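Everything below concerns the one structure shown next.
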């Protein structure tokens, strides 16, 4: 193992506790345990509270702080590992990181992630392709590997996301209570409305059904209004945004996990639900069919089809034995994303073969 290497991660870091930020935090933590010298530059810089309320100025100030941090950390590193995504983030965070790495003659890896990259690739193909060619591209899923090859003609290597199997203990549900969970933020792309509408149908069938919603976001008022309009206030619990370490106890209180995404790549929440023993019913957005096999490790429905989502849940309640086998297979599948399994791939791709 090349312990003299120093790897600098570049990406968002908690708080807030988004999927990409949690992945960066976990990679830093686990690599330090392996004896690798690690640093990181956060793309969501901690800036003065005064600027946080000024949207356009906030972005500019964050960018200046980010550049300053880059110039401080990049020269002393041997490897840059950039967590990348589309749109403005690509231009303000990915691009300067890549070119600064090349300027200082570092090995640069771009770990591209995020749902719905197709329109971004189409619109900015020449520039995006040029930037990516300066790096070695890694992705967390077969879905993104295929998308990058199809739209940009570039090769990439899969390094799976780390799931937290060790902190999400499996509990076998021999029968399903009518307790349903969704832990996606209230943003348009995650379509929590689909989950709420599906729950209304389930509630009509099972009066004791309960829905738990974990997260925050720009559509929180819209979702709360919908819950009220559908007369679900007494059976819906809003948890707000929770620290990641508190999620296992929440998952343990529920038996079914619903995901209504319209755009997605590799939602860690689905893997966490699988690891915990919940039955997962999800839309087939983006990369989800690459990680959730219909009728084998969960159930898939078309995007926005809340009626089919409700039907799948009701069918699962009526066929508990089939559900037991599905959740067992799902747990086994989730274990491939443990650190011990991801580590081997990461070290081989980034550092070469491990020394014995």
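Name every residue in the stretch 322-346 that is surrounded by fewer than 19 Cβ atoms within 10 Å (Cβ to Cβ) and over 30 Å from residue 295 (Cβ atoms), in order of residue number.
Correct list: 343, 344.
Quick one: which of 259, 231 is touching a helix residue (DSSP H, G or I) at 6+ places or on another chain (Cβ under 8 Å) and modelled with pLDDT of 95 or more?
On the way: 231 fails: touching a helix residue (DSSP H, G or I) at 6+ places or on another chain (Cβ under 8 Å).
Of the residues listed, the single one that is touching a helix residue (DSSP H, G or I) at 6+ places or on another chain (Cβ under 8 Å) and modelled with pLDDT of 95 or more is 259.
Can you name the number of the only condition in (1) under 26 Å from residue 345 (Cβ atoms); (2) at pLDDT below 95; (3) more than 24 Å from the chain's Cα centre (by Cα) that residue 52 fails?
(1)
Name every residue in the stretch 214-232 that is more than 20 Å from residue 257 (Cα to Cα) and part of a helix (DSSP H, G or I), in order of residue number.
Listed by number, the residues that qualify are 221, 222, 225, 228, 229.
Out of all the residues in the stretch 274-295, which are part of a loop (DSSP other than H, G, I, E, B), more than 16 Å from residue 182 (Cβ to Cβ) and under 16 Å from the mean Cα position of the chain (by Cα)?
The first filter runs over the stretch 274-295 and keeps only residues part of a loop (DSSP other than H, G, I, E, B), leaving 277-278, 284-287, 291-293, 295.
Narrowing the set further to residues that are more than 16 Å from residue 182 (Cβ to Cβ) leaves 277, 284, 286-287, 291, 293, 295.
Answer for the stretch 274-295, where residues must be part of a loop (DSSP other than H, G, I, E, B), more than 16 Å from residue 182 (Cβ to Cβ) and under 16 Å from the mean Cα position of the chain (by Cα): 284, 286, 287, 291.
When residues of the stretch 312-355 are filtered for being without any contact (Cβ under 8 Å) to a residue 40 or more places away in the chain and either touching a strand residue (DSSP E or B) at 6+ places or on another chain (Cβ under 6 Å) or more than 23 Å from residue 163 (Cβ to Cβ) (or both), how many remain?
Residues of the stretch 312-355 that are without any contact (Cβ under 8 Å) to a residue 40 or more places away in the chain, as a first pass: 312, 315, 318-319, 321-322, 325, 329, 332, 340, 344, 348, 353.
Then keep just the ones that are either touching a strand residue (DSSP E or B) at 6+ places or on another chain (Cβ under 6 Å) or more than 23 Å from residue 163 (Cβ to Cβ) (or both); that gives 312, 315, 318-319, 321-322, 353.
Of the residues in that region, 7 qualify.
Of all residues in the stretch 108-135 being in contact with a helix residue (DSSP H, G or I) (Cβ under 8 Å, 6 or more places away or on another chain), assigned to a strand (DSSP E or B) and touching a residue at least 40 places away in the same chain (Cβ under 8 Å), which is farthest from residue 346 (Cα to Cα)?
112
Identify the residue in the stretch 284-295 that is in contact with a strand residue (DSSP E or B) (Cβ under 6 Å, 6 or more places away or on another chain) and surrounded by 17 or more Cβ atoms within 10 Å (Cβ to Cβ) and, among all such residues, is nearest to residue 261 (Cα to Cα).
Only one residue fits best here, namely 288.
Can we say residue 28 is in contact with a strand residue (DSSP E or B) (Cβ under 8 Å, 6 or more places away or on another chain) and without any contact (Cβ under 8 Å) to a residue 24 or more places away in the chain?
Working: in contact with a strand residue (DSSP E or B) (Cβ under 8 Å, 6 or more places away or on another chain): yes; without any contact (Cβ under 8 Å) to a residue 24 or more places away in the chain: yes.
In short, yes.
Would you call residue 38 surrounded by 15 or more Cβ atoms within 10 Å (Cβ to Cβ), in contact with a strand residue (DSSP E or B) (Cβ under 6 Å, 6 or more places away or on another chain), modelled with pLDDT of 90 or more and assigned to a helix (DSSP H, G or I)?
Numbers: surrounded by 15 or more Cβ atoms within 10 Å (Cβ to Cβ): yes; in contact with a strand residue (DSSP E or B) (Cβ under 6 Å, 6 or more places away or on another chain): yes; modelled with pLDDT of 90 or more: yes; assigned to a helix (DSSP H, G or I): no.
So residue 38 does not fit the description; no.
Could you check how many residues of the stretch 74-88 are crowded, with 18+ Cβ neighbours inside 10 Å and either closer than 15 Å to residue 135 by Cβ or at pLDDT 95 or above (or both)? Explain how you work it out, then say what you get.
Step one: filter the stretch 74-88 for residues crowded, with 18+ Cβ neighbours inside 10 Å, giving 74, 77, 79-86.
Then keep just the ones that are either closer than 15 Å to residue 135 by Cβ or at pLDDT 95 or above (or both); that gives 74, 77, 79-85.
Summing the residues that are crowded, with 18+ Cβ neighbours inside 10 Å and either closer than 15 Å to residue 135 by Cβ or at pLDDT 95 or above (or both) in the stretch 74-88 gives 9.
Taking the conditions exactly as written (part of a strand (DSSP E or B) and in contact with a strand residue (DSSP E or B) (Cβ under 6 Å, 6 or more places away or on another chain)), does residue 254 satisfy them or not?
Values: part of a strand (DSSP E or B): no; in contact with a strand residue (DSSP E or B) (Cβ under 6 Å, 6 or more places away or on another chain): yes.
Spelling it out, it is not the case that residue 254 is part of a strand (DSSP E or B) and in contact with a strand residue (DSSP E or B) (Cβ under 6 Å, 6 or more places away or on another chain).
Restricting attention to the stretch 296-304, does a residue exist that is assigned to a helix (DSSP H, G or I) and either in the same structural domain as residue 196 (by TED's automatic domain parsing) or crowded, with 20+ Cβ neighbours inside 10 Å (or both)? It would help to see each step written out before you state the result.
We begin by selecting, within the stretch 296-304, every residue assigned to a helix (DSSP H, G or I); these are none.
Taking every residue of the stretch 296-304 in turn, none turns out to be assigned to a helix (DSSP H, G or I) and either in the same structural domain as residue 196 (by TED's automatic domain parsing) or crowded, with 20+ Cβ neighbours inside 10 Å (or both).
The values are calculated or read from the model by the stated rules, or taken from the named source; none is laboratory data. Predicted model, so just to flag it, every value in this text is computed and none were measured. When we count neighbours, we look across all protein chains shown, and the Cβ atoms used for this are built from the backbone with ideal geometry, even at glycine.
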